[in-house]
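Every read-out reported here was derived from the displayed coordinates using simple, explicitly stated rules and does not represent laboratory data. The shown structure was predicted, so the numbers you read here are calculated from the model rather than taken from an experiment. Virtual Cβ from ideal backbone geometry, glycine too; neighbours counted across all protein chains shown.
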Amino acid sequence: MSADVLTIDESAIRLMANLEQHYAGWLQAERIVAPGRLTWKTVAEKEYLYRIVDGAGNGRSLGPRDPGTEAKYEEWVAAKSQAVSLQNRMLIEGAQYRSMRLPTLPAFAGEALRQLDIAGQLGNNGVLVVGTNALTAYAIEAQRRFDTTLTATEDFDLTWTGSSTMLNGR
């Protein structure tokens with residue numbers, strides 16, 4: 001196994017710190033937005049706030065229009081705006097990250113990890129990355145570039161931490 005030196009200079013450290021901060025903000029906003037879009041529906045001449053969960057318009061009522069549901073709707077609108085803004089920013093930073101040739105995960109693994117993180121199941125709350133995909137994190141910490149044949153597998157290994165939240169949803 002060869003390990004070339006991975007140069008992580010101040011600009012790379014700054015970029016990784018910015019990405020981490022922007023991801024944390026995006027994640028917080030996405031957890032508000034992800035369960036479905038919010039919209040007002042009129043039923044029997046009364047407005048209700050609904051969370052729409054699919055493309056067919058199915059959803060469930062969150063209650064009649066009142067200060068509480070209006071605040072919930074405004075929070076959702078603000079979170080949606082923040083999520084879009086931060087996602088656009090991270091797309092630019094991601095391009096910079098790749099141009100610095102810093103270690104990356106395959107796209108399918110990144111998407112799986114994002115979904116687990118949104119659901120609150122990543123890390124000590126449920127699952128950890130193991131196997132060859134964990135080498136990405138190790139490479140950054142060790143400041144070494146591992147042989148690409150080590151990470152060329154098409155599998156993605158996770159391990160369950162034993163947290164009960166995955167079993168009972170809390």
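The packing ranking, built from the mean of other Cβ atoms within 10 Å per residue, places the peptides 23-32, 85-94 in the order 23-32, 85-94, highest first.
If I fit a long axis through the Cα atoms of helix 67-99 and take the longest principal axis of the Cα atoms of the chain, what angle between them do I get, 0 to 90°, rounded to 10? Roughly 20 degrees between the two axes. Estimated from helices alone, the mean residue ellipticity of the chain at 222 nm is -16000 deg cm²/dmol (sum of -39500 (n - 2.57) over DSSP H runs with n ≥ 4, per residue). Using Cβ point charges alone (K and R +1, D and E -1), the dipole size of the chain about the Cα centre works out to roughly 440 debye. Rounded to the nearest 10 degrees, the inclination of helix 10-33 to the longest alpha-carbon principal axis of the chain is 30 degrees. Once the Cα-Cα distance is subtracted from the 0.36 nm per residue extended length, the E154 to V43 segment shows a gain of 34.9 nm.
Simple rule: put +1 on each Lys or Arg Cβ and -1 on each Asp or Glu Cβ in the chain, find the dipole, and look at L158, M16, I32; the Cα lying farthest toward the positive end is I32. Recomputing Rg/Rh (Cα atoms, Kirkwood Rh) from the coordinates shown identifies the correct label among (i) 0.93; (ii) 1.19; (iii) 1.08 as (iii). With unit charges on the beta carbon (Lys/Arg positive, Asp/Glu negative), name the residue among Y48, L105, Q121 whose Cα is farthest towards the positive pole of the charge dipole of segment 1-131. Sorting the options by dipole projection puts first Y48.
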